[in-house]
Amino acid sequence: MNTIYMDHNATTPMRPEVLAAMHPYLGEKFGNPNSIHRYGRETRIAIENARDHAAALIGAAESDEIFFTSGGTESDNWALRGVISAASGKSRIVTTAIEHEAVLATCQALEAEGAEVTYVKPDRKGRVSAEDVAAAIRPDTRIVSVMWGNNEVGTVQPIHEIGAICREHGILFHTDAVQALGKVEVDVERAGVSLLSATGHKINAAKGAGFLYVKKGTKLDPFMTGGGQEQKLRSGTENVAGIVALGEACRIAKEEGPQSARNVAALRDRLENEICEHVPDVLINGDTDHRLPGTSNLGFIGAEGETLLIRLDLEGIAVSTGAACSSGSPEPSHVLLAMDLPQETVQGSLRFSLGYGNSDADIDRLLEVLPEAVSKVREMAPRLKSTKT
Amino acid sequence: MAPRDDYHYNETVLRHIADPRNIGVIEDADAEGSGTNPACGDEVTLYLKFEGEAVTDAKIRILGCGAITAAMSSLTDMVRGKTAEELGEITAEEIAESVGGLPTHKRHCATLARRVLQNALKSRSAS
């Protein structure tokens, strides 16, 4: 069966160039970058090159503001815990209700340890207002954490405005840019960002390597202690191959990002327009004026997302759902709920996320399968609830 | 012992989702039961037709996830030929086992399926 991957917000396929770049570091170039001998020197150079590419992609002033980690979750944990741990006195965090669980669960853990956290709600399109963030700031607020682009609905947040507010108040600003990196222009200096989380596997690199950008002068305690790697702030022998892949993916994203984003957005718009044309009762979840280029989250009223997902999967098309019962939790998506969407929209939501490798032929195939799948799932619904029979 | 993959659906469940059995309505049903799961919004209705003491036909309507779809689809086969008394003894575990098991986070769907069956039996005894 020919398969089509439309779940790039979950993870992405590795690009052949990236795989080729990392391959030697899984084989003959196995040295520990902290060793003094030639094996170590060789891998150290590779890591520092990757650091340069990561720094260039996000507009960091210095490459040594990039600290390699195991990925987005670790970077989010480190940013929040590291800042709170380094701060003295009472701590308050301002974040949003639609963050990734890596931020939300960390905030909840910090609350249990005595921090106070304000969760700013988004509007019905999943966008947080900078004014609401500003209004939540108190004298003891240590850090504001707002994601750059949302993983479920793709809404891009007003990062530059929030950055300006944080700068004005002298507060650290962390952003989880895991979904945004490589898809929209990310410039930490212009955006006023103090800490930024990123991961390789969302930009066609390997799983298990990411980074945290830490602006010079930011007070941050280490999260992993040990041998003192990464300027004594993130111990542990570096994942050399993963970091090399991440660096290569950053280099490519810097070079091709804007054009790829335009291409992917055009595909996404076609997908969305044609689905809305061929399938009745579909709502777009998210903010079409401020959205990641590849993301389309659609609510199929009177259908159930997971059942649709599986029907598409059995036809070889991989998509995702943030709806109920989908991810090990009986509760519906916290993002769609925070957007105050009606239950039937939440229940019938599917996320299509496009990226490297997708083509018009994929959209053609989806359109061959999806209308019938939706219609079949709707036909199964109980009489009273069903809007389409 | 828990299965090695307690997250994904097994092949039996997937087959039920792809082609659920006995979707529809029995207009002159002898028993009808419904149930919802407020947390995720699943809604299910079960229709039963009896001849004498035994079930001869069962149909379902579902707006719900894969697990409840598979559980109800399988239940429509399980109930055939059984008496009301026998139906009352069907457990959620038996329903889950009939589809080769459900991931732990989906077991509540088998419980909902059993509740819908119980509601149908109550409707029969009430009529």
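The values are calculated or read from the model by the stated rules, or taken from the named source; none is laboratory data. Since this is a predicted model, take the numbers as computed values, not measurements. Positions of Cβ are backbone-derived with ideal geometry, glycine not excepted, and every protein chain shown enters the neighbour counts. In case anyone asks, the SASA skips ligands and DNA or RNA and just uses the protein heavy atoms, side chains included. Shrake-Rupley method; radii C 1.70, N 1.55, O 1.52, S 1.80 Å.
A single entry from A:286, A:302, A:348 fulfils the requirement of being small (Gly, Ala, Ser), more than 30 Å from residue A:16 (Cβ to Cβ), buried (at least 24 other Cβ atoms within 10 Å of the Cβ) and within 14 Å of chain B (Cβ to nearest Cβ): A:348. On inspection, residue A:166 qualifies as farther than 30 Å from residue A:267 by Cβ, open to solvent by less than 10 Å² (accessible area, probe 1.4 Å) and either at pLDDT below 95 or of a type outside the set (D, E, K, R) (or both). Please tell me if residue A:212 is surrounded by 15 or more Cβ atoms within 10 Å (Cβ to Cβ), under 22 Å from the mean Cα position of the chain (by Cα), in the same structural domain as residue A:72 (by TED's automatic domain parsing) and not in a helix (DSSP H, G or I). So residue A:212 passes the test. Filtering segment A:1-47 down to residues that are without any contact (Cβ under 8 Å) to a residue 60 or more places away in the chain and among the basic types (Lys, Arg), which residue is nearest to residue A:207 (Cα to Cα)? Across segment A:1-47, the extreme among qualifying residues is A:44. Inspect segment A:80-98 for any residue being charged (D, E, K, R), open to solvent by less than 10 Å² (accessible area, probe 1.4 Å) and at pLDDT 95 or above and give the result as yes or no. No, segment A:80-98 contains no residue that is charged (D, E, K, R), open to solvent by less than 10 Å² (accessible area, probe 1.4 Å) and at pLDDT 95 or above.
Can you pull out the residues in segment B:11-47 that are away from every other protein chain (no Cβ under 12 Å), open to solvent by 40 Å² or more (accessible area, probe 1.4 Å) and not charged (D, E, K, R)? Correct list: B:12 only. Only a single criterion out of (1) closer than 21 Å to residue A:332 by Cα; (2) of a type in the set (D, E, K, R); (3) at the interface with chain A (Cβ under 7 Å from one of its Cβ atoms) is not satisfied by residue B:61, namely (1). Each residue in segment A:119-139 was checked for being open to solvent by less than 30 Å² (accessible area, probe 1.4 Å) and in contact with a Gly (Cβ under 7 Å, 6 or more places away or on another chain), and 1 of them qualify.
Output yes when any residue across segment B:65-81 is more than 11 Å from the chain's Cα centre (by Cα), surrounded by 17 or more Cβ atoms within 10 Å (Cβ to Cβ), closer than 26 Å to residue A:315 by Cα and facing another protein chain (nearest Cβ under 10 Å), and no when none is. Looking for residues that are more than 11 Å from the chain's Cα centre (by Cα), surrounded by 17 or more Cβ atoms within 10 Å (Cβ to Cβ), closer than 26 Å to residue A:315 by Cα and facing another protein chain (nearest Cβ under 10 Å), one finds at least one in segment B:65-81, hence yes. Taken over segment B:87-127, residues that are in a helix (DSSP H, G or I) and either open to solvent by less than 40 Å² (accessible area, probe 1.4 Å) or among the small types (Gly, Ala, Ser) (or both) amount to 19.
Would you confirm, using the coordinates I've provided, whether residue A:312 is part of a helix (DSSP H, G or I), within 14 Å of chain B (Cβ to nearest Cβ) and open to solvent by less than 20 Å² (accessible area, probe 1.4 Å)?
yes
Entry remark, segment A:182-205: residues being crowded, with 24+ Cβ neighbours inside 10 Å and in a loop (DSSP other than H, G, I, E, B) number 8 in total. One residue stands out in segment A:140-165 among those that are among the polar types (S, T, N, Q) and under 14 Å from the mean Cα position of the chain (by Cα): the one that is farthest from residue A:176 (Cα to Cα), namely A:155.
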